[in-house]
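A.B. asks: Mind having a look at this structure? Questions to follow.
The values are calculated or read from the model by the stated rules, or taken from the named source; none is laboratory data. No experiment lies behind these values; they were computed from the predicted model shown. When the accessible area is computed, the model is the full protein with side chains, heavy atoms only, and any ligands, DNA or RNA have been set aside. Shrake-Rupley method; radii C 1.70, N 1.55, O 1.52, S 1.80 Å.
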Amino acid sequence: KLVNMIKKFNYLNKSFLSLIGISVIYFSFIFFFANINGDWRHYIDSEILWPYNTLLILSGEKFEFDAYGFFYFILEYKFFQILDLFNLLITTNIENLNNGLKFSEKLENLIFAGRWFNVLIIYVTLLISFLIFNNLSKNPTISFILVLVFMFTPGMIQQISHARVDVLASTLLLISYFFLTRFAESKNISTYLIFLTFFLLSVFTKVQAYI
């Protein structure tokens, strides 16, 4: 019994240290290598699309782009509300943005806010990926290495530097498939409902998520 307790403690300790290691490596990459504060016109389509439509929601208006990204808009809307509480947003309504005064400064502020929202989404994705890998493998070291490989794939590095909806959709889909495998083993209806919830959220984030 004591041996099992020691093994469990070592496993939890390694898992905790792995999560800290992932956090340190990720944010070191963000602050020293990622182009978070780069020219906001670099990816002008997606850079403007998400924060602009989030600003419409903050203004009580109907957002203009509803083809996909509904759940993404909700989360970014909440993130912008938190930023506004700390006075980190220059503008919080569409009328103020369009009044012509310091337009470029306001738009740049919105885009950088959107980028940092994306940074947090990817961070949560990496943590969730580790927890899922660790749950499946029962090996924190292997899970840590897998997350690092995932973190530094070219596609993920590109996603870090500008706002995209794909990471959130993929994360929700990954969680849903994890619970689907758990349902296949347990046949527990609550597990199936969790799978269904995350699957629908992924589809509400991006319709093509299940393809």
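A.B. asks: If you stretched the chain out fully between F31 and L17, how much longer would it get, using 0.36 nm times the residue separation minus the C-alpha to C-alpha distance?
C.D. replies: Numbers: separation 14, 0.36 × 14 = 5.04 nm, distance 2.11 nm.
Here the answer is 2.9 nm.
A.B. asks: Here is a further query. Please give the per residue accessible area of the chain, computed with a probe of 1.4 Å over protein heavy atoms only, in Å². Present the calculation step by step, with values, prior to reporting the outcome.
C.D. replies: Working: 11930 Å² over 211 residues.
For the chain, the solvent-accessible area averages 57 Å² per residue.
A.B. asks: By accessible area of protein heavy atoms, probe 1.4 Å, what ranking do T191, T141 get, highest first? Mind dumping the intermediate values first?
C.D. replies: On the way: T191 20, T141 75 Å².
The ordering from most to least exposed comes out as T141, T191.
A.B. asks: Same structure again: Rg and Dmax of region 71-204, using alpha carbons, in Å: what are they?
C.D. replies: Gyration radius and largest Cα-Cα distance of region 71-204: 18.3, 59 Å.
A.B. asks: OK, next. How do L136, L110, L58 stack up against each other in accessible area, from largest to smallest, with a 1.4 angstrom probe?
C.D. replies: L136, L58, L110
A.B. asks: Right, here's the next one. Report, in listed order, any pair from K14/K138; K8/K138; K8/K187 with a Cα-Cα distance greater than 18 Å.
C.D. replies: K8/K187
A.B. asks: May I ask you to give the percent of accessible area on region 97-156 that is carbon plus sulfur, with a probe radius of 1.4 Å? Don't skip to the answer; put the middle values down first.
C.D. replies: On the way: 2020 of 2780 Å².
Reported share for carbon and sulfur atoms: 72 percent.
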